[in-house]
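S.K.: There's a structure below that I have some questions on.
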Amino acid sequence: MKILKIISVLLLAMCIGCSSGDDGGPQVGGPTETPDPDSETPPVDNSDPFLYSATENLKDVADFPLGNIVSASKLASTSASNTTFKDILNQEYNSITAENDMKMANMFTGPDTYDFSDGDAIVAYALENGFRVHGHALIWHSSIPNWLNTFEGTDEEFEAQVEAYVKATVAHFAEVTDGDGTPVVASWDVVNEYFDGSAVRTSLFTQRIGTDFHEKAFQWAREADPDVKLFYNDYNIAGEVDKRNAIISMVSNFISDDIPIDGIGMQMHLNHDWPSTDLPTSIQDIADTGLLVHISELDVKANYSDDLSELTVERAQAQEEQYQRVGYYYTTIVPQAQQFGLTIWGVRDQDSWLYDGGSDWPLLYDNDFNTKITHRGLVDGLEGVAP
Ligand code: XIL
């Protein structure tokens, strides 16, 4: 493995030496040869052990969609950093998920009242730039609008509100199609994080609708759109065996009870050293359901126990390998027809929900948008280089 890496570094160095720089090879993280004087991004410092000069775009090395997250405000912004963000997004990815704009708290603004404007802007950007949109997330206990939390109507009225919201949202976002008639919003996370460990999580929805609210939600979504792909999404599906088994048994109940479901989203918020052997096992187990498999929110913490005050080379390499493992196991274990795609939860470290004032570095690009070695790990994995 080490030898392979050394060879690939040598080949890469030769390649960079002979590249004309305009052969379609990525400029991710800034130019590798002739610096553009107008560019905000400094050239990659090849002596920096945390960075590398990428020669391939993620979407080009995978046979399935590669995604990242967006917000309507970032897409609308013309600041230098958001312009670079969009350049990288357009170059390396072909699927987008709204980080927050298509969650219930953002869209369900009052009784029978919806604001889809941010989602609409995201869909318009996707249409214009050739992205697929993955809808995230119709029902999540962490994204409930205040008015619904304090809703004073009866439980029946509460359920009617949620039913109307699910149907209105799914129907609304089914409207936009591309030139081939394919809907831009391909899929929805219908229910996010129903389980807490292997138990059903107590939430406003279990309290006011019942523990079968998730089944109802999938049926409502399907009634609103017969074709959109419906996902169940959760964290620690890799890493927590009991939780995974609860989800797998939920799926078999759905199937025997004719509750519509198309796929499972494995969030994949990982650590550099966790999970280890359970990572391939979990991907295999989820693939064995026969449903679509989405790695839906990938990031890898390098400092989860806060033992580092700055990133070390050793830790960055462990993190690189964890990214490689995810790419490799997803690519090699999940049958092609079930590979819905792999979505990374953020571009720059500082934009990550896990950044925590700079005490972790979970993503593929540093704060100047340079490609980190984690990016190389993912590319290697997607290319089938065994970790
Ligand atoms: C996170 C966003 O990244 C944050 O900006 C927001 O404050 C909270 O939600 N699981 C999910 C995502 O399904 O929606 C969460 O996103 C991260 C955990």
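S.K.: Would you please give the FRET efficiency between residue 176 and residue 152, computed as 1/(1 + (r/R0)^6) with r the Cβ-Cβ distance and R0 = 35 Å, to the nearest 0.05? Spell out each step's value before the answer.
M.R.: Details: r = 36 Å, r/R0 = 1.02.
So the FRET efficiency works out to roughly 0.45.
S.K.: A further question follows. So what's the projected area for the stretch 278-358, the Cα convex hull averaged over all directions, in nm²?
M.R.: Working: hull surface 23.7 nm².
Computing the convex hull of the Cα atoms and averaging its projections yields 5.9 nm².
S.K.: Nearest 20 debye, what's the magnitude of the dipole of the chain about its Cα centre given +1 on Lys and Arg Cβ and -1 on Asp and Glu Cβ? Intermediate results must be reported in sequence, preceding the final value.
M.R.: Numbers: 21 positive and 63 negative charges, 124 e Å.
So the magnitude is around 600 debye.
S.K.: What share of Cα pairs, in percent, lie more than 18 angstrom apart in the stretch 116-175?
M.R.: 45
S.K.: Could you grab the Rg to Rh ratio for the stretch 68-107? Cα atoms only, Kirkwood for Rh. Each step should come with its number before you reach the end.
M.R.: Numbers: Rg = 10.8 Å, Rh = 10.7 Å.
A ratio of 1.01.
S.K.: For the chain, give the percent of accessible area contributed by carbon and sulfur heavy atoms, probe 1.4 Å, rounded to a whole number. Could the numbers behind the result be given before it?
M.R.: Values: 7670 of 15990 Å².
After summing per-atom areas, the C and S share lands at 48 percent.
S.K.: Quick one: accessible area per residue over the stretch 229-387, 1.4 Å probe, rounded to a whole number of Å²? All intermediate terms of the calculation are to be shown ahead of the outcome.
M.R.: Details: 5430 Å² over 159 residues.
Result: 34 Å² per residue.
S.K.: Could you tell me the convex hull volume per residue, in Å³, taken over the Cα atoms of the stretch 188-277? List each step's numbers first, then the result.
M.R.: Values: hull volume 9.0 nm³, N = 90.
Spread over its residues, the Cα hull of the stretch 188-277 gives 100 Å³ apiece.
S.K.: Given points 7 Å out from each Cα along the Cα-Cβ axis, report the residue 160 to residue 73 separation in nanometres with one decimal.
M.R.: Rounded to a tenth, the inter-label distance reads 3.6 nm.
S.K.: Something else now. Please list 216, 103 from largest to smallest accessible area, probe radius 1.4 Å, with all protein chains kept in place. Write out the running numbers ahead of the final one.
M.R.: Details: 216 50, 103 15 Å².
Heavy-atom accessible area, descending, gives 216, 103.
S.K.: Rg (Å, one decimal) plus Dmax (Å, integer) for the alpha carbons of the chain?
M.R.: 21.2, 71
S.K.: Nearest-5 percent of antiparallel DSSP beta bridges in the chain? If you can, show how the numbers build up before the last one.
M.R.: Values: 8 of 45 bridges.
DSSP beta bridges in the chain are roughly 20 percent antiparallel.
S.K.: Now, a different point. Determine Rg/Rh for the stretch 137-214; Rg is computed over alpha-carbon atoms and Rh is the Kirkwood hydrodynamic estimate from the same atoms. Before the final figure, lay out the partial values.
M.R.: On the way: Rg = 14.7 Å, Rh = 14.0 Å.
On the Cα set of the stretch 137-214, Rg over Rh gives 1.05.
S.K.: How long is the gain from residue 281 to residue 314 if the chain were fully straight, where each residue apart is worth 0.36 nm and the alpha carbon distance is subtracted?
M.R.: Working: separation 33, 0.36 × 33 = 11.88 nm, distance 2.57 nm.
Gain on stretching residue 281 to residue 314: 9.3 nm.
S.K.: How many lysine pairs in the chain, separated by 8 or more positions in sequence or lying on different chains, have Cα atoms less than 19 Å apart?
M.R.: 14
S.K.: Go ahead and run the numbers for FRET between residue 255 and residue 48, Cβ-Cβ distance against an R0 of 51 Å, rounding to 0.05. Show your work: numbers first, answer last.
M.R.: Numbers: r = 50 Å, r/R0 = 0.98.
It comes out at approximately 0.55.
S.K.: Going from the alpha-carbon gyration tensor of the stretch 206-257, what semi-axes, largest first and in whole Å, does one get by taking the root of 5 times each eigenvalue? Walk me through the numbers on the way to the answer.
M.R.: Details: eigenvalues 92, 41, 24 Å².
The three semi-axes for the stretch 206-257 are 21, 14, 11 Å.
S.K.: Just how much of residue 242 is accessible, in Å², when a 1.4 Å probe is used and the result is rounded to the nearest 10?
M.R.: Rounded to the nearest 10, that gives 110 Å².
S.K.: Something else: When only C-alpha pairs under 8 Å and at least 6 residues apart count, what is the relative contact order of the stretch 219-305, in percent? Don't jump to the answer; show the numbers that get you there.
M.R.: On the way: 117 pairs, mean separation 29.5, N = 87.
The normalised contact order for the stretch 219-305 reaches 34 percent.
S.K.: I've got another one for you. Mean separation of Cα pairs under 8 Å and 6+ residues apart, divided by the residue count of the chain: what relative contact order is that in percent?
M.R.: Details: 729 pairs, mean separation 63.2, N = 387.
Contact order relative to length: 16 percent.
S.K.: Okay, next question. Could you pull out every residue, at least 5 positions away or on a different chain, whose amide H is within less than 5 Å of the one on residue 51? Hs are placed 1.01 Å off N in the peptide plane, and Pro or chain starts have none.
M.R.: The list, which skips near neighbours in sequence, is 373.
S.K.: What helices does the chain have that are whole DSSP H segments, at least 20 Å long along their own axis by Cα, and with mean Kyte-Doolittle hydropathy of 0.5 or more? Provide the component values of the computation, followed by the final result.
M.R.: Details: long enough: 2-18 (24 Å, 2.18); 155-173 (27 Å, -0.25); 241-256 (22 Å, 0.44); 313-333 (29 Å, -1.14).
Qualifying helices: 2-18.
The values are calculated or read from the model by the stated rules, or taken from the named source; none is laboratory data. On a predicted model such as this, the values are computed, not experimentally measured, just so you know. Positions of Cβ are generated from backbone atoms using ideal geometry, with glycine treated the same way; all protein chains shown enter the neighbour counts. Only protein heavy atoms, including side chains, enter the accessible area calculation; ligands, DNA and RNA are left aside. Shrake-Rupley method; radii C 1.70, N 1.55, O 1.52, S 1.80 Å.
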